[in-house]
Every structure is written in C-alpha cells, then in structure tokens.
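The values are calculated or read from the model by the stated rules, or taken from the named source; none is laboratory data. A quick note: this is a predicted structure, and the numbers were derived from the prediction, not measured. Because the Cβ atoms are built from the backbone with ideal geometry, glycine has one as well, and the counts that use them run over all protein chains shown.
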Amino acid sequence: MQRFFILAVLVLLGWLLLRLAPVLTPFLLAGILAYLGNPLVTRLQRYRIPRTWGTTLVFVAVIVVFAGIIMALIPVIKHQSLIFVEYLQKYAGLLQKRLIPELSATTGLHLDSQTISHYATANAQKLATWIGHGLQVALSSGSGLITSALSIILVPVLGFYLLRDWPRLIARIDQLVPQHYTALVRRLSRDVDTMLMAFLRGQLLVMFALGISYALGLSIIGLKTAVLIGLVAGILSFVPYLGVISGLLMASLAIYIQTGAFLSILWVLVVFGIGQILESMVFTPYLVGDRIGLHPVAVIFAVMAGGALFGFVGLLLALPFTAMLVALLRHFHDWYLQSPYYLGKE
C-alpha cells in the first residue's frame, strides 16, 4: 500500500509539472540563480557576514557586472543589428538577380524567381499562421503580456529570497527523508550536487568562451556583424548544436552580402570549425570536464525530449536533469555489480 501511495504522489507531481510548466519558468530560473550563488554566500558567512547581507552583496555585484556589460554592448549590438537588417534586405534582391541564375547554371535545374517566391510565400503564410496561433494562445487569457513581464521581474525577487533561505529549505527537505534512508540519500545528494554544480558553472563559462571566440574569429575575417552573431551563437549554445548552426547560417548570409563572393563563406566555416574544436578539446574538458559523459546522440535526445514534454522549461532542465540522472545511475551501476543477482548467488 505504501508503494502505491508513493507512486500516486509521483504521478500527481508529474501531472502538475506538465500543467504548470509555463508558470514554473521564473521559479526555475530563480532556483538556478540561488543554487549557483549559494556557495559564494556560504563563503561570505565564514567571514561573519550575515546571510541576508551576503545575499544582498552577491546580487548587487551580479547586477553591477551585468549592467556594465550590457551598457558596453548596447551601442555595438544596436549598430550591428541595423547592418544585419540591411543585409537581409539586400539578400532579397540578390536572391532574384544573382543567386537563382547562378544556382540554375551550376546545378542544371530549372529555377526561377517566381516558383521560389511562390514556395517562400506559401511557407511564410504557414509560419504566420503558426505565429498568430501562438500569440492567440498566449493572449487568450487576457493577461499573457502582463504575466510575461511579471515573470521577468519575479526572477531576481524570487532568486533573492531563495538564496537567502537556501540552507533552511535544504534542512526542511532533509527532515522529510526517512531515517533509514538518510545516509544513502545524503551520499547521493552530495554526488548529484558536485556534478550539477560543475556542469552548470562550466556550461555558463563555455557559453561565454564560445561567444568571445566566435566574435573574435568573425572580426578577424572582417565581418561587420561579428559581435552580434558571436553573442547570439554563444547564448544559444546552451542548447547543444543550436548555437553553432544558427551562428553559421547568420554569419554565412552576412559575409556573402558584405563581400558578394561565395568563397568568403569558407572563412566562416573555418571560424566555426575552430570554435567547435576549441569547445570539444579545450573549453568543455577544462571548464566542464567529463562530468556527464553522454554520447552526442543522447544529448540531442535529452534536449528534444525535454522541449517536447515541458517546452522552454524542458530545454532548461534537460541537461541538468540528465546530469543528476547519470549521477544516480552510476550508484545503481555499482550496486548492481555487487548485487547477489549479478554475482549469481541467488
């Protein structure tokens, strides 16, 4: 009976997560902020700084750093965004006057601007329908925009309170663990915490390093929108392979419009190729380490499954949840190899 009760509770929690996934986004982001900031606030407590003051100091420092970075980048991003929009307008003209004839001559296929424009228009109409449906769903409650704005404001507020009360929350959870499982749960929790903290910190550093690498590389080859594209590719790299694909497409389009030569795209490929080599051989090994040890196919599956089940929240949770799951599976693997069933003693 007890097992069925636990199973029912887990099913209920899973159903609630599915239903409340959009609402949970600010709480999830706030929880990640509190989790990452807790070691620093704990260290400040060792210097006899009260936790409330330590939390305030950490938040003020983070806000000052991020505000400084944003203020420094806004003029550059604004300027390069205008350039990229201009490139998109030029690309529409080149598509009809130059690209389509060149592709027809190269491939031997009969391509004309009318057919391609009709295909593009049809797909654009589908895209517009999907976007319109999404906006209708978002605004159907009459408070979609207000909810989104409040979510952005709530993240730092929730993060502050969660960070300040983090030890108390962990202690409350620890009290709920059955006493005969306390030692096991604490040991598993320590291993999960070690892996998850290393992964989250390392992933943020990898995103930062990739963004700088892409921006520097694209600047060296003379791309005028290097900082914008590098920043976008670095931010989107939290979803595996999304950052490099989106950055590669944007940079290839921009460099072709800027130079008018297909060969210039090769330099973009070189930049992103070097970026991927640095990520796999330098950034990830030194900043993240072999903490998860997942095959790339498993990583892609985890991200797609998380997005399909929980939307944006699922994308954020996919790899951290996988990291925790791997830590638990390693303990299960060790237990299984020592079990009487595996050793054939039953």
Q: Provide a single number: the residues in region 34-59 that are within 24 Å of the chain's Cα centre (by Cα) and under 15 Å from PRO156 (Cα atoms).
A: 7
Q | Residue selected from region 78-92 under the condition surrounded by 14 or more Cβ atoms within 10 Å (Cβ to Cβ) and hydroxyl-bearing (Ser, Thr, Tyr), by the criterion farthest from GLY230 (Cα to Cα) | A | TYR91
Q: Determine whether LEU127 is at pLDDT 85 or above and within 30 Å of the chain's Cα centre (by Cα).
A: no
(Q) Taking the criterion of being without any contact (Cβ under 8 Å) to a residue 60 or more places away in the chain, crowded, with 20+ Cβ neighbours inside 10 Å and on the phi < 0 side of the Ramachandran plot, would at least one residue in region 273-289 satisfy it? (A) no
**Q.** Of all residues making up region 43-62, the number that are touching a residue at least 24 places away in the same chain (Cβ under 8 Å) and surrounded by fewer than 14 Cβ atoms within 10 Å (Cβ to Cβ)
**A.** 1
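Please work out if PRO75 is part of a helix (DSSP H, G or I), surrounded by fewer than 17 Cβ atoms within 10 Å (Cβ to Cβ) and modelled with pLDDT of 85 or more. Steps first, please.
Working: part of a helix (DSSP H, G or I): yes; surrounded by fewer than 17 Cβ atoms within 10 Å (Cβ to Cβ): yes; modelled with pLDDT of 85 or more: yes.
The answer is yes for PRO75.
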**Q.** Only listed residue being β-branched (Val, Ile, Thr) and modelled with pLDDT of 90 or more, chosen from VAL299, VAL268, VAL303
**A.** VAL268
Q: Kindly provide the set of residues from region 158-184 that are outside any helix (DSSP H, G or I) and surrounded by 13 or more Cβ atoms within 10 Å (Cβ to Cβ), ordered by number.
A: ASP165, VAL177
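Test LEU17 against the stated conditions and say whether it is under 27 Å from the mean Cα position of the chain (by Cα), in a helix (DSSP H, G or I), modelled with pLDDT under 85 and surrounded by 11 or more Cβ atoms within 10 Å (Cβ to Cβ).
Yes; evaluated as a whole, the condition is true for this residue.
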